[in-house]
Amino acid sequence: MKAFKTIGSVLGFALALAAGPVSAEDQLKVAIGQINNWENQAPTLGQDAGIFKKHGLVLENVGTQGAGETIQAVISGSADIGAGVGAAGAMRAFSKGAPVRILAPMFTGTGDLFWYVKSDSKIKSLKDATPENTIAYSTNGSSSNNIVVAFVQELGAKAKPTATGGPAATLTAVMSGQVDIGWAAPPFGLQEIKEEKIRIVAHGSDVPSLRGQTVRTLIVNENSLKTKRDAIMRFMEAYRESVDWMYSDPKAVEMYSAKIHRPVELLKDSMAKFQPKEALQTDKFADLDGAIADAVKLKFLEKPLTKEQIAELLQIPPRKK
């Protein structure tokens, strides 16, 4: 009996050694709104390039239809981290007591999003839209939702805001006549514009107050931040390294091109025009006061966040020097 235990112990030890490299890597679940957009590629391309593995992490990356789904996944704990969540939506969830915190800014400015119509549409600009027309956004709490609300309240657009999910589903809805004005994030839609199937009628940057703000964030489950803090700090190190790599190594764009089946040159043009590297900064929430004021004005918040709430909400780790 004693010998059997010894053999069993040896076998168990051998199996543990064999499994060592896998068990040594911490796993994190990441919910990503619009997972195929370039600005959301750090977790996916970074993992494919081995950057997260280098930091002892294995990511389970799951795509969602937008910030609404992403926030719910993080609130429920089915995801540790959520990517691509509108700042105003994250603030709203936090203010209502949801266990979410902002881990880092993810995209600053709104120049990457645009709204379009079919080429034969009578709508030439947002001013031409009537209350009978519909204008798309992805899901509640997303940056596209925030911008559409601003189109209505700040620019006087009269079209009815309508949730349509991701860019592909939105394009189908527009081309089939279900929605009048669609939304997209480059590189999606650029080919259709070149082929004159669709025509841009508005850009996110048309809203002056949002141009210099952090509009999308990385959020984290409050409990995950407590119980998996070391892994999440390593996630941020790997995430920042991945963004640097995406803009310095041509292989990153080639990998992205193969992934979404779009020409490399089209993607490079999209990056230059719509997604400059500085927009993906993760060190400081840009124009925080303005973002909070706009969240109140656009009715995402009932009242401004206090200094104590802001200190609790923002959990941005400093970049290692």
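Check residue 152 against each of (1) of a type in the set (Val, Ile, Thr); (2) open to solvent by 50 Å² or more (accessible area, probe 1.4 Å); (3) assigned to a helix (DSSP H, G or I); (4) in contact (Cβ under 8 Å) with a residue 24 or more places away in the chain and name the one condition it does not meet.
(4)
Go through segment 263-321 and give me each residue that's among the hydroxyl-bearing types (Ser, Thr, Tyr) and either more than 21 Å from the chain's Cα centre (by Cα) or open to solvent by 70 Å² or more (accessible area, probe 1.4 Å) (or both). Outline the logic, then answer.
Here is the first cut: in segment 263-321, the residues among the hydroxyl-bearing types (Ser, Thr, Tyr) are 270, 282, 306.
Hit for segment 263-321 is 306, nothing else.
Looking at (1) in contact (Cβ under 8 Å) with a residue 40 or more places away in the chain; (2) more than 26 Å from residue 290 (Cα to Cα), can you tell me which one residue 207 breaks?
So residue 207 meets the others, but not (2).
From 177, 165, 141, grab the single residue that is crowded, with 24+ Cβ neighbours inside 10 Å and assigned to a loop (DSSP other than H, G, I, E, B).
141
I need a count of the residues in segment 128-150 that are at pLDDT 95 or above and over 19 Å from the mean Cα position of the chain (by Cα).
Residues flagged as at pLDDT 95 or above and over 19 Å from the mean Cα position of the chain (by Cα) within segment 128-150 amount to 8.
Return only the number of the condition from (1) open to solvent by less than 10 Å² (accessible area, probe 1.4 Å); (2) touching a Pro at 6+ places or on another chain (Cβ under 9 Å); (3) under 30 Å from residue 124 (Cα atoms) that residue 210 does not satisfy.
Unmet condition: (2).
Tally up the residues in segment 204-222 that are outside any strand (DSSP E or B) and modelled with pLDDT of 95 or more, please.
Residues in segment 204-222 being outside any strand (DSSP E or B) and modelled with pLDDT of 95 or more: 1 in total.
Give me the residue from segment 259-305 that is in a helix (DSSP H, G or I), out of contact with any Ser or Thr (no Cβ under 8 Å at 6 or more places or on another chain) and acidic (Asp, Glu) and, out of that set, modelled with the highest pLDDT.
289
Go through segment 64-112 and give me each residue that's among the hydroxyl-bearing types (Ser, Thr, Tyr) and either open to solvent by 10 Å² or more (accessible area, probe 1.4 Å) or outside any loop (DSSP other than H, G, I, E, B) (or both).
The answer is 64, 70, 76, 78, 95, 108.
Please go through segment 40-58 and pick out each residue that is of a type in the set (A, V, I, L, M), part of a helix (DSSP H, G or I) and open to solvent by less than 10 Å² (accessible area, probe 1.4 Å).
Let us first name the residues in segment 40-58 that are of a type in the set (A, V, I, L, M), namely 42, 45, 49, 51, 57-58.
The next check asks that each one be part of a helix (DSSP H, G or I); those that pass are 42, 45, 51.
Passing the criteria: 42, 45.
Looking at 134, 130, which is the one that is open to solvent by 10 Å² or more (accessible area, probe 1.4 Å), among the β-branched types (Val, Ile, Thr) and touching a strand residue (DSSP E or B) at 6+ places or on another chain (Cβ under 8 Å)?
134
Residue check: is residue 122 basic (Lys, Arg), surrounded by fewer than 17 Cβ atoms within 10 Å (Cβ to Cβ) and not in a loop (DSSP other than H, G, I, E, B)?
no
What's the number of the condition residue 240 fails, among (1) basic (Lys, Arg); (2) more than 20 Å from the chain's Cα centre (by Cα); (3) buried (at least 21 other Cβ atoms within 10 Å of the Cβ)?
If we test residue 240 against (1) basic (Lys, Arg); (2) more than 20 Å from the chain's Cα centre (by Cα); (3) buried (at least 21 other Cβ atoms within 10 Å of the Cβ), just (2) comes out false.
Restricting to segment 213-237, and then to whatever is among the polar types (S, T, N, Q) and over 21 Å from residue 285 (Cα atoms), can you tell me which residue is least open to solvent (accessible area, probe 1.4 Å)?
Among them, the one singled out is 224.
With the checklist (1) in contact with a helix residue (DSSP H, G or I) (Cβ under 7 Å, 6 or more places away or on another chain); (2) buried (at least 18 other Cβ atoms within 10 Å of the Cβ); (3) in contact (Cβ under 8 Å) with a residue 40 or more places away in the chain in hand, flag the one item residue 61 doesn't pass.
(3)
Of the residues 160, 197, only one is out of contact with any Pro (no Cβ under 8 Å at 6 or more places or on another chain), open to solvent by 60 Å² or more (accessible area, probe 1.4 Å) and either β-branched (Val, Ile, Thr) or modelled with pLDDT of 95 or more (or both); which?
197
Looking at segment 251-258, is at least one residue of a type in the set (Val, Ile, Thr) and under 17 Å from residue 106 (Cβ atoms)?
no
The values are calculated or read from the model by the stated rules, or taken from the named source; none is laboratory data. Note that the structure is a prediction, hence the values are computed from the model and not measured. Note that we place each Cβ from the backbone using ideal geometry, even for glycine, and neighbour counts take in every protein chain shown. Each accessible area value is taken on the protein alone, full model and side chains, heavy atoms only, with ligands, DNA and RNA left out. Shrake-Rupley method; radii C 1.70, N 1.55, O 1.52, S 1.80 Å.
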